[in-house]
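Accompanying notes for the structure given below.
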Amino acid sequence: VQLVESGGGLVQAGGSLSLSCAASGRTFSSYVMGWFRQAPGKEREFVAAIGWSGAWTYYADSVKGRFTISRDDAKNTVYLQMNSLKPEDTAVYYCAADQTYSSSYRKGDGMDYWGKGTLVTVSS
């Protein structure tokens, strides 16, 4: 599976962006899909995850109520709608896939696949 993110860019605080992650392969629906981010000089952090067939979603407290993760298995794509963006949301956003969801998922440990990332910059 190859993951390719798109949709990053520059936006003013309070604005919105929508990220997409397109996956190759025919087994997309069998993966728990997640978004992570890494700001300059900081460690990678979990943003959101969505279960098989979109049965459940989890969010980091820092984005809850502002970001929405969704997936379209017919298009092999996972999305991250980001609203009310803040300067502290500035980071490279990565898409990730794993066939299981465990206590290590939010740490990003042992993920099956990662994308190369897309940069989101929020100006104040």
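Looking across region 58-98, the residues that are part of a loop (DSSP other than H, G, I, E, B), within 19 Å of GLU5 (Cα to Cα) and open to solvent by 10 Å² or more (accessible area, probe 1.4 Å) come down to ASP73, ALA74, LYS75, ASN76, ASN83, THR90.
Would it be correct to say that GLU43 is over 14 Å from LEU85 (Cα atoms), surrounded by 14 or more Cβ atoms within 10 Å (Cβ to Cβ) and not hydrophobic (A, V, I, L, M, F, W, C)? Judged against the criteria, GLU43 is not a match. For VAL47, the stated conditions hold: it is β-branched (Val, Ile, Thr) and under 15 Å from CYS21 (Cα atoms).
Within region 51-79, if we keep just the residues that are at pLDDT 95 or above and aromatic (Phe, Trp, Tyr), the residue that is farthest from TYR101 (Cα to Cα) turns out to be PHE67. So, of the residues in region 1-30 that are modelled with pLDDT under 95 and in contact with a helix residue (DSSP H, G or I) (Cβ under 8 Å, 6 or more places away or on another chain), which turns out to be nearest to LEU119 (Cα to Cα)? In this case the residue turns out to be VAL1. Against the condition among the acidic types (Asp, Glu), free of Cβ contacts under 8 Å to residues at least 60 places away in the same chain and either surrounded by 14 or more Cβ atoms within 10 Å (Cβ to Cβ) or at negative phi (or both), how does ASP112 come out, does it pass? When the stated conditions are applied, ASP112 does not pass them.
The values are calculated or read from the model by the stated rules, or taken from the named source; none is laboratory data. On a predicted model such as this, the values are computed, not experimentally measured, just so you know. Backbone-built Cβ (ideal geometry, glycine too); neighbour counts: all protein chains shown. Note: accessible area is taken over every heavy atom of the protein model, side chains too, but ligands, DNA and RNA are not part of it. Shrake-Rupley method; radii C 1.70, N 1.55, O 1.52, S 1.80 Å.
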